[in-house]
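In what follows, a structure is listed as structure tokens, so that the remarks can point back to it.
The values are calculated or read from the model by the stated rules, or taken from the named source; none is laboratory data. None of the values given here were measured: they were computed from a predicted structure. Positions of Cβ are backbone-derived with ideal geometry, glycine not excepted, and every protein chain shown enters the neighbour counts. Just the protein is used for accessible areas: all its heavy atoms, side chains included, with ligands, DNA and RNA removed. Shrake-Rupley method; radii C 1.70, N 1.55, O 1.52, S 1.80 Å.
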Amino acid sequence: MTTTALTASVAADGLVKSFGATRAVDDLSLTLPRGVVGLLGPNGAGKTTLLRMLATVLAPDEGSLQLLGRHPSRPSERLEIRRRLGYLPQTPALYPGFTAFDLVDYVAVLKEHTDAAWRRDECRRVLEAAGLSDVMHRKIRALSGGMRQRVALACALIGSPELLVLDEPATGLDPDQRLRLRSVLSRTAANATVVLSTHNTAEVAALCQRVYVMLRGRICFEGSPADLAAVARDRVWEDDREDDRAIRSWQTAEGRFRHLGEPPAHAEIVVPTMDDGYLLVAREGAS
């Protein structure tokens, strides 16, 4: 076992996962330390499959994977990983007849927290962190979609996990709830690794120290949010008219046209955003 593997929360080397003839994850390697890591990519890029392997739901067909210094392929070590792991799947399955409190408590029992007093306090803590104090004793069937998403987040936060794997955690959340989510995740990441898959580049820019872009089952970019924006340096310009030579063009709130691509001579070059860099990486990686 290498020193890097021992110090990293996630160490993957040559991961492969196939479904029939489709390779959802294709010879993927990465190393993740503490902090918030963003995973971007179009639909079908393999993000959810990768996260399910990090959550020990799926086993890779090939390659090696270590989580929190342990091997999930070994049953005893997989159990230790799951005790220290929090997972929010893309489509959480919640029991509609449970109250929010009862469901979080049930998850705590499944994670082998046997002290009833500790569980009661911990359930209240994570439900409060998710902004659900006022509705924790309501049945899940009576909660809105955004509230149900936050119940699932509270379940993932039980026991202050060392590795938190989140697949589209902001789905269904309003702006205030998104800001609360950012606060929760930034506090969690002080002592853990948070892996966040999303289509929302604003969430990655606001939260993540590192960002990975995944295409066709592989990582095609790794760097900071600023590094991703810099991919589009000198390739974004604005004009009063739309330029059909651009890869992408759209009209801004000020009524000007913003373009992405190879600018013409004497173009008015503007500062790129992370969206611009992501669009270029995704387009060029898919070609």
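Summary table
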{"read-out": "Unit Cα scatterers, Debye sum, segment 213-287: log10 I(q)/I(0) for q = 0.16 Å⁻¹", "value": "-0.57"}
{"read-out": "Where Glu80, Glu222 fall by accessible area, highest first, once all protein chains stay in place (1.4 Å)", "value": "Glu222, Glu80"}
{"read-out": "Spatial separation of Cα centroids for segment 106-120 and segment 239-257, in angstrom", "value": "56"}
{"read-out": "Thr31/Asp240 FRET efficiency (R0 35 Å; Cβ-Cβ; nearest 0.05)", "value": "0.15"}
{"read-out": "Three-way shape label, segment 99-159, alpha-carbon gyration tensor, a/c 1.5", "value": "prolate"}
{"read-out": "Inter-label distance, nm, simple model (7 Å from Cα along the C-beta direction), Ser186/Ser18", "value": "4.5"}
{"read-out": "Net charge of neighbours whose Cβ lies under 14 Å from the Cβ of Asp26, counting Lys and Arg as +1 and Asp and Glu as -1", "value": "+1"}
{"read-out": "Structure-based [θ]222 nm, the chain - -39500 (n - 2.57) summed over DSSP H runs of at least 4, per residue, nearest 500", "value": "-10000 deg cm²/dmol"}
{"read-out": "Solvent accessible area, Å² - Asp134, 1.4 Å probe, full protein context", "value": "150"}
{"read-out": "Segment 33-162, relative contact order in percent, only Cα pairs under 8 angstrom and at least six apart counted", "value": "27"}
{"read-out": "Residue of Leu260, Leu39, Leu153 that the Gaussian network model of the chain assigns the largest fluctuation, springs spanning Cα pairs under 10 Å", "value": "Leu260"}
{"read-out": "Cβ-based net charge around Gly255, under 15 Å, with every Lys or Arg adding one and every Asp or Glu removing one", "value": "-3"}
{"read-out": "Folded to 0 to 90 degrees: helix 175-188 orientation relative to the chain principal axis, Cα", "value": "70"}
{"read-out": "Long-range HN-HN contacts of Gly35 with modeled amide H, under 5 Å", "value": "Ala192, Thr193, Val194"}
{"read-out": "Modelled FRET efficiency - R0 25 Å, Arg70 with Ala93, Cβ distances, 0.05 increments", "value": "0.45"}
{"read-out": "Percent carbon-and-sulfur accessible area, segment 150-282, ignoring ligands, DNA and RNA, probe 1.4 Å", "value": "47"}
{"read-out": "Identified option (computed Kirkwood radius over Cα pairs in Å; candidates (1) 20.4; (2) 21.6; (3) 19.6)", "value": "(1)"}
{"read-out": "Per residue accessible area of the chain, 1.4 Å probe, in Å²", "value": "49"}
{"read-out": "Cα centroid separation, segment 141-156 to segment 12-46 (Å)", "value": "27"}
{"read-out": "Accessible surface, 1.4 Å probe, highest first, among residues Thr49, Thr171", "value": "Thr171, Thr49"}
{"read-out": "Anchor Lys111: lysines whose Cα lies under 20 Å away (excluding residues fewer than 8 positions away in-chain)", "value": "none"}
{"read-out": "At R0 = 30 Å, FRET efficiency that the Cβ-Cβ distance of Arg248 and Glu222 yields, to 0.05", "value": "0.80"}
{"read-out": "Viscosity 1.002 mPa s, 20 °C: Kirkwood-radius Stokes-Einstein D of segment 174-261 over Cα pairs, µm²/s", "value": "138"}
{"read-out": "Segment Val270-Asp134, length gained on full extension (0.36 nm per residue, minus Cα span)", "value": "44.3 nm"}
